[in-house]
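Heads up: the structure comes next, in structure tokens.
The values are calculated or read from the model by the stated rules, or taken from the named source; none is laboratory data. Being a predicted model, the structure only gives us computed values, none of them experimental. Note: ideal-geometry Cβ built from the backbone for every residue, glycine included; neighbour counts use all protein chains shown. Note: accessible area is taken over every heavy atom of the protein model, side chains too, but ligands, DNA and RNA are not part of it. Shrake-Rupley method; radii C 1.70, N 1.55, O 1.52, S 1.80 Å.
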Amino acid sequence: MILQLEGLMKKSLFVFVLFLATFSFAQRLPGNVVPDHYTLKFTPDFASNTFIGEETIDVRVLSTTKSIVLNAVEMEFKSVTVKVGEKELTATVEPNNNETVTMELPSEITAGPASIHVNYIGQLNDKLRGMYRSVANNRKYVVTQFEAIDARVAFPSFDEPAYKATFDITAVVDKDDTAISNGRIVSDELGPAGKHAIRFSTTPKMSTYLVALTVGDWKCVSGEEDGIQLRVCSVPGKEQQGKFALEATKAILHYYDQYFSIKYPYGKLDQIAVPDFEAGAMENTAAIIYRERDLLLDESKSSVNDQKEVASVIAHEMAHQWFGDLVTMKWWNDIWLNEGFATWMESKPVAAWKPEWQISQDQVQTSADALDTDSVQNTRPIRQAAEARHEINSLFDGIAYGKTAAVLRMLEGYLGPDQFRKGVNSYIEAHQYSNATAEDFWGAMTQASGKPVDRIMPTFVTQPGAPYVSVQSKCVNGETVGTISQQRFYSSPKLMQQENKQLWEVPVCATAIGADGKGQCEVLAAKEQPFKLKGCGSGVFPNIDGAGYYRYSFDPAVLASADFKVQQLTEEDQVSLVSNEGALLAAGVHHIQDFMAMAEKFRGVETYGAVSDLAAQVQFVRRYLVSDRDLPQFEAWVRGVFKPTLERVGIEASPSDSPKQRNTRATLIGLLGDAGEDPDAIAVAKKTVAAYMQDPASVDATLVDACFPVAAAHGDAALYDAFVAKLKTASSPQDYYLYFHALAEFRDPALLKRTLEWTLTPDVRNQDLGIMMGVLRNPAGQRLGWDFIQTRYADIATKAGQSIFGAQFAYYAVGVFCDAKSAKEAEAFLDAHKVTGLDRVGKKQMERVNQCIDLREREGPNLANYLAKSSAAGAN
């Protein structure tokens, strides 16, 4: 599953909703009865927003019992019988307070086979969970979303990942509708009242959370790769926007068939874009469901990043077909085995298919984002115990996805790609159609490679945080010699200075900058140990290609040296350097003048990943560290550092531009038009947006992405109204969200207030409520947005409903603050609106706020001095 948290993870959309108190509890099933096979029939009724469910579960009773416990919520039971041999027993159903029901039998049944038959009525809810209704084209659709524990909302079940079983699914639907599920359609029979029954083939063994069913007037584009039938489906009128996804799927499937020793095992693959979906996508076995914007696009009008995002999401979900579906974690504490592996794996087929996209730089940024997430005291280990619903849902975060992917990337670099792949395939072969644990994974990697993976991985999986690797070196007889040491890294000077006894076994790969040596790797297992590198250079770069999951020291004297050129580093190293310097600034290891000097080293450098990360950090400095008095000098500094790069790339797009040039230009237009208030960049943004509104095909779509926020920031009510009007006629998901998200970028408070009020109208889908976060991040809208959340919290919670990701919106919202007054308000608000299971999230956000306040107090005066000197030097 792709979890998309805008501003918190790399992917685009922030998803949030509120858990109701009645769903705060869950517990494991007794384990005395286990399922082998489900036969399910669903008959949806759009008129009443309900469905009739009929179910038979073939089970094995492991010990004598008079009751059977299953997971089930939000359904009305009509009849329940249990058949043992020729004897049929009628059960009474008692609901429990932990998302289970107890089926009480009139007499005991002994160990052996049995079958449970249930007739019930369920709800087609509007909360994007379980079996729910989605609305588009003036009609309703049925969609399912069962991960993590919402299969129990659609059918009584053994709703735990270890209870794998096979499924026979039938959907009884209106005569003009069709259905898509995990299996192929094996029969389609007419029935009474204008209905027809669509029966699907029996699935392989799989967990309940991977069951899928969609019902509607779906239209599809089809293809084939490696003998597998492929379809990309959508609501009518959008099916042609699935062609890019179909071509990407072919390339990705072929790559995976070559990478994995077991070829795609499910016979067919359907991918369905649905109008309403809480996650980015969900890896249901052979029937992957997506948000429209994560599967559909018009290739002729889409940016490089649009195409990259769609391809990456597809690659992520398809990787799950092996890692998650074929082999599934035994319990949710190892969900990282699914999500982290898919996040790591998604880049490989995309990079092979489109090498010009420079995916390797995105990998470095994924690692850097994870390190940022992991740098606070209130982080968590990758593997964390979870039993209740809220605890399980909280595991779907940047640690499970980004940190795990980064650790796996580091491990692959240490083992080598061939040995890593050998271990992966050994693991999959041993546990196919079954379940596995973390120990199973690193045991297979250890056996395949002969290296101590079983010592390295636990240090990164079972303890929180990340290491900080310090390097002390000198040149002796043509070699670089010195010591490397480790401690836990915190984005807080106070915590960095405290003693910490944590130890990791860290594969450290380093090189001497500018030397002929290629660098070398060794495992740092102690607090401090000696090291040696071939050759001498202008310094030591202790994280080759940014592949290591650790922060590292980098001498500011090297950065300031006239002899040091960032071009001496690989582009991946440049991305790593930028991220690392920002982290060292937060931690108090370096100061703002070191960061500014590093930024100046990138004048004229076109590396997209580095420029993109640098732009984000410069925006942060502008927003939180620059005083109003110094703002003109800071804007002049931004123009002086970054406009030469824009001029080198070219301010006007050309059809011959590479993806790198297009992305770098767009990033610089966005930065200069906002943080730099550059008239030329603002003019290009306004011109580009005006041209796009007349004819989207007339301008570079990659440039358009950056121009909309700048044009909106410098726009008026007439432009706002024009954006609102365009929303109603948008031709693709990407087109729609250009206008949609731009409504949060205007600076006029009256327009931002309109945006906030609009979010609670039916015109905004539940899945898109995260636009409020856009208003909060807008300096002109922070106070408006915060007041709106506080005063309309009940309305927001009602519209949001329930989600597997929890009531995280208000918790993440407080993270935008950087002043003591707002921090106190935020803390009081969280105390008054506690949600069980989100304590750590709240503490983490408040920790971020207090660190920002500390950073501003600590470095604000230093920045003012730097700008004054820079301005004086420029004047001379």
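Observations
- Accessible surface area normalised per residue over the range 184-253 is 41 Å², counting heavy atoms of protein chains with a 1.4 Å rolling probe.
- Inter-part distance where the range 654-679 and the range 198-215 are each reduced to a Cα centre, Å: 46 Å
- Dimensions in Å of the range 58-198 - Rg and Dmax from alpha carbons: 17.0, 53
- For the range 297-377, the fraction of alpha-carbon pairs in successive 5 Å shells from zero, as %: 3, 14, 20, 20, 19, 14, 7, 3, 1, 0
- Spacing of the two label points (7 Å from each Cα toward its C-beta) at Thr110 and Ala562, in nm: 9.5 nm
- Rounded to 5, percent antiparallel among DSSP beta bridges of the chain: 80 percent
- Cleavage-rule hits (GluC sites (Glu not before Pro)) in the range 47-145: DSSP loop, at most 16 neighbouring Cβ within 10 angstrom: Glu86
- Residue-count net charge about Lys164 - beta-carbon cut-off 14 Å; Lys, Arg +1, Asp, Glu -1: -2
- Within the range 310-454, the ratio Rg/Rh, alpha carbon atoms throughout and Rh by Kirkwood, equals 0.95.
- Relative frequency of Cα-Cα separations exceeding 48 Å in the chain, percent: 21 percent
- Between Glu299 and Ala526, full extension at 0.36 nm per residue minus the direct alpha carbon distance yields a gain of 76.6 nm.
- Rolling a 1.4 Å probe over the protein heavy atoms gives the range 100-141 an accessible area of 38 Å² per residue.
- Using a cut-off of 28 Å between Cα atoms, the listed pairs Lys474/Lys518; Lys140/Lys268; Lys501/Lys821; Lys565/Lys869 include Lys501/Lys821 as exceeding that distance.
- Nearest 10 degrees, 0 to 90: helix 438-449 Cα axis against the chain principal axis: 60 degrees
- For Thr483, the accessible area of its heavy atoms, probed at 1.4 Å with every protein chain present, is near 50 square angstrom.
- Shape of the range 602-736, Cα gyration tensor, a/c cut at 1.5: oblate
- Three principal axis extents describe the C-alpha atoms of the range 631-707; from largest down they are 38, 24, 14 Å.
- Report summary: the helix-based calculation at 222 nm, which adds -39500 (n - 2.57) for every DSSP H run with n ≥ 4 and divides by the residues of the chain, gives -12500 deg cm²/dmol.
- Under 20 Å of direct C-alpha separation, and excluding same-chain neighbours fewer than eight residues apart, Lys308 reaches these lysines: Lys10, Lys11, Lys238, Lys243, Lys250, Lys348, Lys354, Lys660.
- For the range 620-665, GluC sites (Glu not before Pro) meeting the loop criterion (DSSP other than H, G, I, E, B) and having at most 16 other Cβ atoms within 10 Å: Glu652.
- The loop-placed trypsin sites (Lys or Arg not before Pro) in the range 685-756, going by DSSP, that have at most 13 neighbouring Cβ atoms within 10 Å of their Cβ come out as Lys728.
- Seen against the Cα atoms of the chain and their longest principal axis, helix 659-674 is set at about 70 degrees.
- The residues of the range 369-501 present an accessible area of 37 Å² per residue when probed at 1.4 Å with all protein chains retained.
- Antiparallel DSSP beta bridges within the range 176-334, percent to nearest 5: 60 percent
- The range 669-819 - Debye-derived log10 I(q)/I(0), Cα point model, q = 0.08, 0.15, 0.20, 0.21 Å⁻¹: -0.23, -0.80, -1.27, -1.35
- Percent accessible area from carbon and sulfur atoms, the range 449-501, protein chains only, probe 1.4 Å: 45 percent
- Neighbours of Lys41, meaning other residues whose beta-carbon lies under 11 angstrom from its beta-carbon, give a summed charge of -2 when Lys and Arg score +1 and Asp and Glu score -1.
- Surface composition of the range 317-412: carbon plus sulfur atoms contribute 46% of the solvent-accessible area (1.4 Å probe, protein chains only, all chains present).
- Principal-axis tilt of helix 820-832 within the chain, Cα atoms, nearest 10 degrees: 10 degrees
- For the range 526-650, alpha-carbon Rg and Dmax in angstrom: 15.4, 50
- Counting only aspartates and glutamates at least 8 places from Lys824 when in the same chain, those with an alpha carbon closer than 13 Å to its own are Glu847.
- Across the chain: Cys residues that no other cysteine approaches within a C-beta distance under 4.7 Å: Cys707
- Carbon and sulfur %, accessible surface of the range 102-179 computed with the full protein complex present, 1.4 Å: 49 percent
- Efficiency of FRET from Cβ geometry, Ala193 and Lys824, R₀ 56 Å, rounded to 0.05: 0.35
- Measuring r between the beta carbons of Ser470 and Ala868 and using R0 = 35 Å, the FRET efficiency lands at 0.60.
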